[in-house]
Amino acid sequence: MKLNKQNFKIVIILLSMTSLMGCSDEYLEETEEYTIDSENYFNSEQDYIDALIGAYDPLQSTYVNVLLGEIASDNTVSGGESATDVIGFQQVDEMNHTPVNDNIDDVWDWNFAGVQRANYILEFRDKTDFEGKDRIIAETRFLRAYFNFELVKWFGPIPLSGDQRFQLGDETSVPRSPVSEVYAQIESDLQFAIDNMDYTAPQIGRATKGSAQALLGKVYLYQDNFQQAADVLEDVIESGQYHLYGTQADEDYTNLFEQVGENSAESVFEIQYTGEEGAGFECLQCSEGNVAVGFQGIRNYTGPVFEPGFSFNLPVEEVYNLFEENDIRRDYSVLDIEAWAAETGATYVEGYKHTGYYNRKYLPRQNNNVGDANLTQPNNYRAIRYADVLLMAAEALNRGGINDQLAQNYLNMVRGRAGLEPVNATGASLTDAIYEDRRLELVGEGHRFFDLVRTGRAANAIEGFTPNKNELFPIPLEEIEFSQGNWEQNPGY
Amino acid sequence: MKKFTCLLIVFLSGFFGAYAQSFSVSGLVSDENNMPLLGVNVIVKGESRGTTTDFDGNYTVENISLGDVLQYSYVGFETREITINDQQIINVTLQTDSESLEEVVVIGYGTQQRKDITGSVSVVSDEAIRGLQPIQTTQALQGTTSGVVVTQTSGAPGASLNINIRGIASNTENGPLVIIDGYQTDVQSLSNLNPSDVESMTILKDAQAAIYGVAGANGVILVTTKTGELNMAPTVSYDTYYGVQETSRQVPLLNATEYALLLNESYANGGQDLIFPDVSELGDGTDFQDAVFQTSPIISHNLGLSGGTEKVTYSVGGSHLRQEGIIAPEKTQYKRSTAKVSLGVEISDAFDIDFNTIYTNIDRNSINENGLGSVLFNALNIAPTFDIDQEDQTGFLGNEIINPLSQIENTYNEYNLDKFNGTFGLNFSPIDELVFTSRIGYNFGKSDEKIFSPIADFGPGKVFNVTRSTVNQNRINDNNYTFDLFGKYENTFNDAHHITLTGGMTVIRNWGDGLYATGYDVPNNSWEFADISLTTGTSTEKSNDSYVYDIRKLSFFGRVQYDFQGKYLVSGMLRRDSSTRFSPENRTDYFPSVTAGWIISEESFLEDSDLLSFLKLRGSYGILGNDEVGQNQFYRALLDGEATYVLDGQLINGRALGGLPNPSAKWEEAEKMNLGVDLRMLNNKIDITTDIFREERRDLLIPFIPVSGIFGTGAPGGSSPTVNAGTTVNQGVEFSIKYSENIGNDFNFNVGYNVTYIDNEVTEVNGAEFIAGGAFGVGQPQPSRFEEGHSIGYFYGYKTDGLFQTQAEADAAPSQMALGAEAQAGDIKYVDINNDGVINTDDRTDIGDPIADVTMGLNFSMNYKNFDFSAYAYASLGNDMVRNYERNQPNVNRPAYYLERWRGPGTSNEVPRLTTGATSNNVLSEFYVEDASYARIQNVQLGYSLPDDLLERIKIDRLRIYASVNNLYTFTKYKGFDPSATTGEPIGGGIDYGFYPVPRIFSFGVNLTL
């Protein structure tokens, strides 16, 4: 009777049902939320600057590269409380480290974190334009180069992801790029940085053209590209931006590693720390302080000037004795704790592998830091010093057979500041002199192990060093497992 | 009032009064016991006219012709047909339906006769709700049905409740889906509902819930609220009760003298000077538990009016409940006021609409509960030598323990919730077999909260000291709607093939926002002035915050139900769900399920059995989901990493990637199987239901699964992604039996018993060893774990083997140095689990879990003449609890069991010696894990209904008075306040910080119907 009408109603209902189905996708997408996530960021200059600060942050965690790199060398022994105190440090000191080593794992994780944060910015480099963006990108690429250079020094071939973040799954598909490719990317990053930065930074602590040039010189030197190294390092020297601290009025060499010596004209690149915000042992990389400093502190110390610490990374007597008696660097680089205690009445406890010496450059000084004082020392790390630049330039000029005279000049500038006689050797004996002064000038700063490896002298110098194995550190075992066969372990491990 | 009959009879054919020789027929309809039946449908067969009986069972049908057939039908009774000869008065007796299975059960997008249900479905009726007299509706599910466990996060007024249906399967969200008259919501909304408004609750426990797809894995509770009925006279009901509440337990503690003696012993053992050189004047000291626990009132009023005409049903009502706390009644109150309107209109033969709306207002204030620093934690730990108003001015009790009474005095807060929820539905039935339903359910809730922290000094160095007053205020809006559009076609072919097809769609949107603000320096340091508008202080830190959310779901579903001759039943369901909690690539999936049943008692070989009234075998299998676990939207990368560096010598904050997202994160998936038997015997006097079930919950979202370092998770503030990496299995057996008996006309009773056994195990955690949760003591590792091969949230600690009785015994045993100190005589002896000759963290193992192995409910009700009596009991067996209310500090008070401590060889093998020196007795071990099995008499109620003849004289339909005791007694060996304590967290539940006990309530009430 009313069937037609009813049918009509059914049709209406079915139609409305289908129309709702039709707009279903739209319905699920129409959500608005006031949250920032990684994909809707980079909308202003401030966003880029904030992200850049995020990329600087992991520099602070490279304290472990410095500490562990020095322990690996013949300059220092592990120390600590006992043979099992931070077992990863102990094993590296004994050169019996394996792919299972939390501290080597930290080097891998934290430097890759730096790469990832830099790549995050580069992935969105074209999203928003503003004046001065090139400098931001230049700094970003400098930082990526810095972290990648650390990784290639430690691990050799590493995976690269281009100008984008690694995505889950890349660990099983992106191979470890050969060292040459890694260096090519680092060089290109640094060249971009050089071309787009000035010698002065907008804020103290940010990278400069000089930072990028000096790092590029080091990168060339690590590849024995002496001419290129010499050229770019001479650019740094000729820029007139830097001088050796203590060679000008109102400067005293003995303050070089004190607070007043931070960010001095000798600093080509310096990693910034503060005592104002600490962290706990569960997140050492979260500290705004220099964790290496507390770890190197004098065990159970009470006395003037210094604060106590965990007595790791103890210089050996040999390195102390290698300094000439009148070398003013000696007592400000290596602290003879017995003599110091006798002189000041300070007391301390001898820890594991006690040598009688401490790494004075980076000992904790008395200060009013917050939180766990051992983890929150404010000492900046002078990552690239002008002295390092001069010695690298000298080495490149000498070993490249380019100009021994100029090499002598640069070496003697460093020796002169230390109160030492000039050297006038040439050829191979100049090389040896440069090597020796480089060791003494940079002791305790984490460079020695890699200098020995790149110059082929590690096997003779480091006890327990196995050639064709220990030049590189092992890829952490879990990384090998995560890669499911994509990455092979370094030779010998 | 009830005397006047239902005058809503409509004589449809009366308007066509052309029939000759018509006359009217009237009479009385009653049951076998000659009790009049109200509301019996009396219709003229073949014509859509008729009437219903009034409250005395009388009816009159006019315009009856010779040869007409009158059909009398009534739910639960066999339908009778009587052919009219020339009788004008026909009195009819209806027989109870021998199968009594015509009960109609809501099953989600439709209803089904109880006998045809092939899933595992339980119903809690309003009768059980009345018998239990719950304060929050959720409590009525405790013990009344198998497979459902209700836990209370606190005994405080208005504290939230958790429901677990058939165990705990998820490491995150285990609460069931709650659907109130069609709108999808959660357990909290159920708790907020006025219990008197509930008509019934249906619990879908197995794959029957698969019609709810991604929302159904934790089970579904379908709540039907009360409405009026067609052709029902206006009925006014008023229910009220008044109760007095008290604590159900105090933990026995040392009195001042005992405390001082034990403290002296402890100091002496530690080689220190005695604290109380003279204990003679101390006496009993102060009993702080006595001081904090008080008796307090609870009052409830409920008023309703309902009824219906031929075409319209209506119901309106209001309620008010006020409950004060048994701790600080003046500061802890729960007030709930509700108003409800429901209306149903038959617009035409083809259309009807229904509408209902509920307004709820909740006011609550509370004190610090269930944690280190809660009022009861302080009451247990403060020294009994302190005066009642004494602050710890010397730091004697450490930095945490403060005077609980001062704490109460300095507690100020209020919470207020206003919400409207309801449904509006339209049914359209173009032909008898087909119904379309369009329905929107909505919920608009607004809550605000104010917390005032006055300047307070509880003694030097106390962590609860406040040096600057603040007032926190927040406003939260939570809204949602559920829109359903579905059709149902039902028909029977050839008298044998009965088929029901259901199909449609559901759209759900949950959205809301929150705004938080803090004001500093409250004028006069006073609650009266505690409002941000009056504060003047500022802070260097951000003092405001807000959030918004908008979650949408879109679903399509279909269901086929088929039976052959009412004997062989099958159904199949398929649902397609999308949820914006997950990434666009992973937000849509299909959820299939099937159920089947065989009613054996319909077969010829059993049809005439005297013993068996009904026997059905049934089974179900299906895939369901749980998307509530996706609240954090794990597929998105938030910039919440640490990005702090030093530039120009200043700390500077930027932004950095935080936790690594997992774009392929998806919801949990549950595979559920169930086999069941429904059996009724001896003319339905015995009613048995039993089920065995198994659920495998896969793709649990496990946080912090380690990944390669190349993703930057090692950066400050970085973290590993949350990955679908866990699996749990819950399997068990449910059994319930009911026995009903009438003895003579004056006495009848019902006994019901149900028991559920559940075995819970984590069977897989990929990529990580375990997830840790909970807290024990201060600075100790997290005690609860989610780990393969164990129950969810098991306790990870040391096994004990009594105490060392002699020093020689201690010296000979494996060193316990790694746990804090070398053992001495009287210390706990730990078991060297890995037999490596030393006791260290590697010797920790599974020492218990908070999940009950067996839960039981026992319900009894009886009526004798005008008296009625009911009792409800509940038991939970095999659940363990960590005793975590003892602060590990040398000078705090201790529970009285320390009187039986070790004092020399042979004095105790359980309670270790007391000393202020270093010991290894404080680590989490079996010493701190107790069996918290319990049996509780939840409610006992005795009522008396005034006799009808008396009521008739005073024009009252029904007047009942009753007395009731809630939480009458708990049988347990557990030492703490309440063995039912748990936060409900899957990992970290069952840890007792001094649980606010569920109060005992003595109440007296009146039910009045006009």
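The values are calculated or read from the model by the stated rules, or taken from the named source; none is laboratory data. None of the values given here were measured: they were computed from a predicted structure. Heads up, the Cβs are rebuilt from the backbone with ideal geometry, glycines too, and the neighbour counts pull from every protein chain shown.
Which of the residues that make up region B:282-330 are of a type in the set (Asp, Glu), surrounded by fewer than 16 Cβ atoms within 10 Å (Cβ to Cβ) and closer than 19 Å to B:Asn381 by Cα?
Of all residues in region B:282-330, those of a type in the set (Asp, Glu) come to B:284, B:287, B:290, B:310, B:324, B:330.
If we keep only those that are surrounded by fewer than 16 Cβ atoms within 10 Å (Cβ to Cβ) as well, we get B:284, B:290, B:310, B:330.
Once the filter is applied, which keeps residues that are of a type in the set (Asp, Glu), surrounded by fewer than 16 Cβ atoms within 10 Å (Cβ to Cβ) and closer than 19 Å to B:Asn381 by Cα, region B:282-330 yields B:Asp284, B:Asp290.
Taking (1) within 30 Å of B:Ser125 (Cα to Cα); (2) exposed (fewer than 15 other Cβ atoms within 10 Å of the Cβ); (3) among the hydroxyl-bearing types (Ser, Thr, Tyr) in turn, B:Thr756 satisfies each apart from (2). Any residue at all in region A:149-163 that's aliphatic (A, V, I, L, M) and farther than 23 Å from A:Glu270 by Cα? Yes; the residues of region A:149-163 include at least one that is aliphatic (A, V, I, L, M) and farther than 23 Å from A:Glu270 by Cα. Look at region A:312-329: where a residue is within 20 Å of A:Arg415 (Cβ to Cβ) and a partner is small (Gly, Ala, Ser) and in a loop (DSSP other than H, G, I, E, B), sitting 6+ places away or on another chain with Cβ atoms under 7 Å, you get A:Asn326/A:Gly419; A:Asp327/A:Ala418; A:Asp327/A:Gly419; A:Ile328/A:Ala418; A:Ile328/A:Gly419; A:Arg329/A:Ala418.
Step by step: first the residues of region A:469-493, then only those that are more than 14 Å from chain B (Cβ to nearest Cβ) and of a type in the set (Asp, Glu), then the one that is farthest from B:Gly709 (Cα to Cα). Which residue is that?
Taking region A:469-493 first, the residues more than 14 Å from chain B (Cβ to nearest Cβ) are A:469-472, A:488-493.
So of that shortlist, the ones also of a type in the set (Asp, Glu) come out as A:471, A:488.
Numbers: A:Glu471: 22, A:Glu488: 16 Å.
Step by step, filter region A:469-493, then rank; the result is A:Glu471.
Of the residues B:Ala873, B:Ala932, B:Ala918, which is out of contact with any Leu (no Cβ under 9 Å at 6 or more places or on another chain) and crowded, with 19+ Cβ neighbours inside 10 Å? So the residue among B:Ala873, B:Ala932, B:Ala918 that is out of contact with any Leu (no Cβ under 9 Å at 6 or more places or on another chain) and crowded, with 19+ Cβ neighbours inside 10 Å is B:Ala932. Checked against the criterion of being closer than 30 Å to B:Leu651 by Cβ, in contact (Cβ under 8 Å) with a residue 40 or more places away in the chain and among the aliphatic types (A, V, I, L, M), region A:392-399 has no qualifying residue. A Cβ distance below 9 Å, combined with a sequence gap of six or more or placement on separate chains, defines the contacts here; from region A:273-302, residues that are over 26 Å from B:Asn653 (Cβ atoms) reach residues that are of a type in the set (Ser, Thr, Tyr) and surrounded by fewer than 24 Cβ atoms within 10 Å (Cβ to Cβ) in the pairs A:Ile298/A:Tyr348; A:Arg299/A:Tyr348; A:Asn300/A:Thr347; A:Asn300/A:Tyr348; A:Tyr301/A:Thr347; A:Tyr301/A:Tyr348; A:Thr302/A:Thr347; A:Thr302/A:Tyr348.
For region A:121-146, what are the residues that are of a type outside the set (A, V, I, L, M) and surrounded by 23 or more Cβ atoms within 10 Å (Cβ to Cβ)? The answer is A:Glu139, A:Thr140, A:Arg141, A:Phe142, A:Arg144, A:Tyr146. If only residues of region B:552-568 that are within 14 Å of chain A (Cβ to nearest Cβ) and touching a residue at least 60 places away in the same chain (Cβ under 8 Å) are counted, the one that is nearest to B:Leu615 (Cα to Cα) is B:Phe557.
When we screen B:Ser48, B:Ser100, B:Ser26 for residues that are at pLDDT 70 or above and not in a helix (DSSP H, G or I), the only hit is B:Ser26.
What residue, of B:Glu265, B:Glu229, is surrounded by fewer than 20 Cβ atoms within 10 Å (Cβ to Cβ) and within 43 Å of the chain's Cα centre (by Cα)? Can you show your working first?
Working: B:Glu265 fails: within 43 Å of the chain's Cα centre (by Cα).
Testing whether each residue is surrounded by fewer than 20 Cβ atoms within 10 Å (Cβ to Cβ) and within 43 Å of the chain's Cα centre (by Cα) leaves just B:Glu229.
For region A:449-493, a residue qualifies if it is of a type in the set (Asp, Glu), under 23 Å from the mean Cα position of the chain (by Cα) and in a loop (DSSP other than H, G, I, E, B), and exactly one does: A:Glu471. Considering only residues that are in a loop (DSSP other than H, G, I, E, B) and free of Cβ contacts under 8 Å to residues at least 12 places away in the same chain, look in region A:163-180 and name the one that is surrounded by the fewest Cβ atoms within 10 Å (Cβ to Cβ). So the residue we want is A:Gly169. Within the set A:Asp57, A:Asp37, A:Asp93, the sole residue that is under 30 Å from A:Lys133 (Cβ atoms), surrounded by 13 or more Cβ atoms within 10 Å (Cβ to Cβ), modelled with pLDDT of 90 or more and charged (D, E, K, R) turns out to be A:Asp57. Within region A:275-298, being crowded, with 24+ Cβ neighbours inside 10 Å and facing chain B (nearest Cβ under 8 Å) holds for one residue alone: A:Glu288.
Filter region A:181-206 for residues that are within 14 Å of chain B (Cβ to nearest Cβ) and in a helix (DSSP H, G or I) and give the result.
To start, the set of residues in region A:181-206 that are within 14 Å of chain B (Cβ to nearest Cβ) comprises A:182, A:200-206.
Selection gives A:Val182 alone.
Can you name the residue in region B:448-468 that is buried (at least 17 other Cβ atoms within 10 Å of the Cβ) and in contact (Cβ under 8 Å) with a residue 60 or more places away in the chain and is also farthest from B:Phe556 (Cα to Cα) among such residues? Walk me through how you get there before you give the answer.
Step one: filter region B:448-468 for residues buried (at least 17 other Cβ atoms within 10 Å of the Cβ), giving B:449-454, B:456, B:458-459, B:462, B:464.
Now restrict to residues that are in contact (Cβ under 8 Å) with a residue 60 or more places away in the chain: B:450, B:452, B:454, B:458-459, B:462, B:464.
Values: B:Lys450: 42, B:Phe452: 48, B:Pro454: 54, B:Phe458: 59, B:Gly459: 62, B:Lys462: 58, B:Phe464: 53 Å.
Checked region B:448-468; the qualifying residue farthest from B:Phe556 (Cα to Cα) is B:Gly459.
Exactly one residue among A:Val77, A:Val100 is farther than 18 Å from A:Ala383 by Cα and either within 13 Å of chain B (Cβ to nearest Cβ) or modelled with pLDDT under 95 (or both), and that residue is A:Val100. Checking B:Thr713, B:Thr722, B:Thr728, B:Thr690 one by one, the residue that is more than 14 Å from chain A (Cβ to nearest Cβ), crowded, with 20+ Cβ neighbours inside 10 Å and among the β-branched types (Val, Ile, Thr) is B:Thr728 and no other.
Considering region B:693-710 alone, what residues qualify as being within 14 Å of chain A (Cβ to nearest Cβ) and either touching a residue at least 12 places away in the same chain (Cβ under 8 Å) or touching a Gly at 6+ places or on another chain (Cβ under 7 Å) (or both)?
In the first step, residues of region B:693-710 are kept if they are within 14 Å of chain A (Cβ to nearest Cβ); the result is B:704-710.
Matches in region B:693-710: B:Phe704, B:Ile705, B:Pro706, B:Val707.
Suppose we filter A:Val100, A:Val107 for residues that are buried (at least 24 other Cβ atoms within 10 Å of the Cβ) and within 17 Å of A:Leu477 (Cβ to Cβ); which single one remains?
So the residue among A:Val100, A:Val107 that is buried (at least 24 other Cβ atoms within 10 Å of the Cβ) and within 17 Å of A:Leu477 (Cβ to Cβ) is A:Val107.
If you take the residues of region B:609-652 that are at the interface with chain A (Cβ under 7 Å from one of its Cβ atoms) and in a strand (DSSP E or B), which of them is farthest from the chain's Cα centre (by Cα)? Filtering region B:609-652 for residues that are at the interface with chain A (Cβ under 7 Å from one of its Cβ atoms) and in a strand (DSSP E or B), the one farthest from the chain's Cα centre (by Cα) comes out as B:Leu647. Filtering B:Ala260, B:Ala268, B:Ala256 for residues that are closer than 30 Å to B:Asn891 by Cα and free of Cβ contacts under 8 Å to residues at least 24 places away in the same chain leaves a single hit, B:Ala268.
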